[in-house]
Amino acid sequence: MIGHAVRGAAEVKGESALITFEPHPRCVLDPANCPQSITTLQEKLAQIERAGIDHAIVIRFDRELSALSPQEFIDRLSAVMEIRRWVIGFDFAFGRGRTGNAEWLRSHGHDVVVVPPFKIDGRDLHSSEIRRLVTTGDVVAANRLLGREFEMSGPVELGAQVGRQLGFPTANISPQPNKLVPALGAYAGRVVAPEGDFVAALSVGYRPTFGGTELKIEAFLLDFEGDLYQQRLWLRFVRYLHPDIKFGSPEELVGQLKQDVADTRRIVTH
């Protein structure tokens, strides 16, 4: 859809704009079934910028917005922009009761491009399947559907220095509210930091060996020395290695960490 919008903007000698809602409409209209976010708003905006969109427009979704008729919604947009062409998905609907769609737009004089379902191996691509794969740890399959590596981002927080004491200093980030979290365990991955891109052994878990009770997202950056405290990192998950394990001693944990680092280097660099 973004590709169609960028090309369409060039054709009509305009600029491309992507409209997204925050929070997810279902989180407002059906909170019990609020889906976890595959991408946070900040991650989404970064992806949109990389894809070449000129303007990203974030509209706060609330019950007042959901009650607008299709024409009232169009009027709000038209007050701040000249809409020359719509690029929408095949199942796109808007306005009160989802009464606005491609047919409604065309009948009201709008130029509309409808993007058909995207298929992989003959199957429609659905975000629910990506969520299922990530939460079960199958990030290889999830990444194939995403077309990129699943990522989590956040500022580095001051930790308990457990990793540093074991010889594996890790950068810790906290998952953002409602962010999709992969299955607990160790992963081979990458980290994008202000200093550059690094191969990294990643961990999602509670540090069971030390009786931890708080979920931690940790990254051990291979071949890196320095201080990352309070810097924003982007953790990208390449492959699941093993579950979150409670070891009998710190020495056993260190042995596994060494193996995880070796496996990560082999997987990510080849």
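The values are calculated or read from the model by the stated rules, or taken from the named source; none is laboratory data. Note that the structure is a prediction, hence the values are computed from the model and not measured. Note: ideal-geometry Cβ built from the backbone for every residue, glycine included; neighbour counts use all protein chains shown.
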Quick one: is D263 surrounded by fewer than 15 Cβ atoms within 10 Å (Cβ to Cβ), assigned by TED's automatic domain parsing to the domain that holds A142 and over 23 Å from Q36 (Cα atoms)? no
Which of the residues belonging to the stretch 220-242 are touching a residue at least 60 places away in the same chain (Cβ under 8 Å) and either touching a Leu at 6+ places or on another chain (Cβ under 8 Å) or outside any strand (DSSP E or B) (or both)? L228, Y229, Q230, Q231, L235, F237
With the requirement that a residue be closer than 22 Å to D244 by Cβ and either of a type in the set (A, V, I, L, M, F, W, C) or surrounded by fewer than 16 Cβ atoms within 10 Å (Cβ to Cβ) (or both), what does the stretch 131-145 give you? R132, L133, V134, T135, T136, V139, V140, A141, A142
Would a scan of the stretch 199-215 turn up a residue that is among the hydrophobic types (A, V, I, L, M, F, W, C), assigned to a loop (DSSP other than H, G, I, E, B) and either closer than 16 Å to F150 by Cβ or at pLDDT below 95 (or both)? yes
Which one is farthest from L215 (Cα to Cα), of the residues in the stretch 229-245 that are among the charged types (D, E, K, R) and surrounded by 15 or more Cβ atoms within 10 Å (Cβ to Cβ)? R239
Out of the stretch 75-84, which residues are part of a loop (DSSP other than H, G, I, E, B) and among the basic types (K, R)? R84
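Conditions tested, residue by residue: (1) within 29 Å of F150 (Cα to Cα); (2) surrounded by 14 or more Cβ atoms within 10 Å (Cβ to Cβ); (3) touching a residue at least 12 places away in the same chain (Cβ under 8 Å).
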position: E22; (1), (2), (3): yes, yes, yes
position: P25; (1), (2), (3): yes, yes, yes
position: I48; (1), (2), (3): yes, yes, yes
position: I59; (1), (2), (3): yes, no, yes
position: L68; (1), (2), (3): no, yes, yes
position: F73; (1), (2), (3): no, yes, yes
position: R76; (1), (2), (3): no, no, no
position: R84; (1), (2), (3): no, yes, yes
position: G97; (1), (2), (3): no, no, no
Among the residues that make up the stretch 51-69, is at least one of them in a loop (DSSP other than H, G, I, E, B), over 25 Å from E11 (Cβ atoms), in the same structural domain as V6 (by TED's automatic domain parsing) and in contact with a strand residue (DSSP E or B) (Cβ under 7 Å, 6 or more places away or on another chain)? yes
Restricting to the stretch 167-198, give me the number of residues that are at pLDDT below 95 and in a loop (DSSP other than H, G, I, E, B). 11
Would you be able to tell me the number of residues in the stretch 85-115 that are part of a loop (DSSP other than H, G, I, E, B) and either more than 30 Å from the chain's Cα centre (by Cα) or outside the structural domain of H24 (by TED's automatic domain parsing) (or both)? 4
From (1) aromatic (F, W, Y); (2) over 18 Å from V261 (Cβ atoms); (3) surrounded by 23 or more Cβ atoms within 10 Å (Cβ to Cβ), pick out the condition that doesn't hold for Y206. (3)
